[in-house]
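The values are calculated or read from the model by the stated rules, or taken from the named source; none is laboratory data. Fair warning: this is a prediction, and the values are worked out from it, not measured in the lab. Reconstructed Cβ throughout: ideal geometry from the backbone, glycine too, with neighbour counts over all protein chains shown. We work out accessible area using only protein heavy atoms, side chains counted, and drop any ligands, DNA or RNA first. Shrake-Rupley method; radii C 1.70, N 1.55, O 1.52, S 1.80 Å.
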Amino acid sequence: MKHLAISGSDGRDARVERLRAARARDSEAKTARAMEAVRGLLSSGQRVTVARVARDASVSTWFVYNQPRVRDAVQAAIHEQQEHGRQTSPATDGQQVTPAGLRTELALARDEMKDLRKERDRLRERVRLSLGAELDEVDRGQFVRRIQELEQQNTDLNRELSDARDRLASLECRLRESEDDLTAARAGLRRAMRALPSK
């Protein structure tokens, strides 16, 4: 009987260890994808945000915020773009801005805003649900630090949401201008065709 109990305990420990190892491998894979997403955004000149890194790496924004290596890399990339600027649109490459390209950027910006709103709401709900439990389980210093972390995350999300709104407004304006230019060019082409002498 005693031997069976010991064997059962050993089997349980082995299962726990396997689960722990699997979680560690999964976390490493997610971290590698997120770091690659940060490098990709930087090299392509796209704006680095928590939501965009999470989407490109197929991880949650919670993971980005709570994995120190990834969070530090994202913050460093954002700082680098703020300090040295970034490529803000395909036009900087000398490529022509088209209404279709602007519509694509617009759709991506709207998706990003939607993701940011969802993450902000999830964060608020999480704070609301876990506040009582955390009060019971942590000392005052830990609690204050945790609140500061959550407030910082909320501030970051609100700033990203505000930036996304500004970018969306800018894209909508550029799309309208591009469509106006296209309409004017077509009208000019029609006038030029009518002015050509008929054979």
Breaking point among (1) under 25 Å from ARG174 (Cβ atoms); (2) surrounded by fewer than 16 Cβ atoms within 10 Å (Cβ to Cβ); (3) modelled with pLDDT under 75, for GLU105: (2)
With respect to LYS118, is the statement that it is modelled with pLDDT under 80, within 15 Å of the chain's Cα centre (by Cα) and open to solvent by 100 Å² or more (accessible area, probe 1.4 Å) true? yes
Please identify the pairs in which a residue from segment 37-63 that is in contact (Cβ under 8 Å) with a residue 60 or more places away in the chain has its Cβ atom under 9 Å from the Cβ atom of a residue that is among the β-branched types (Val, Ile, Thr) and not in a helix (DSSP H, G or I), counting only partners at least 6 apart or on another chain. ARG47/THR88
Counting only residues in segment 13-58 that are of a type in the set (S, T, N, Q), within 27 Å of ASN154 (Cα to Cα) and open to solvent by 10 Å² or more (accessible area, probe 1.4 Å), the one farthest from the chain's Cα centre (by Cα) is identified as SER27
Of the residues GLN67, GLN87, only one is at pLDDT 85 or above and open to solvent by 20 Å² or more (accessible area, probe 1.4 Å); which? GLN67
Residue set ARG146, ARG159, ARG165; condition within 16 Å of ALA51 (Cα to Cα), in contact (Cβ under 8 Å) with a residue 12 or more places away in the chain, surrounded by 12 or more Cβ atoms within 10 Å (Cβ to Cβ) and not hydrophobic (A, V, I, L, M, F, W, C); output residue ARG165
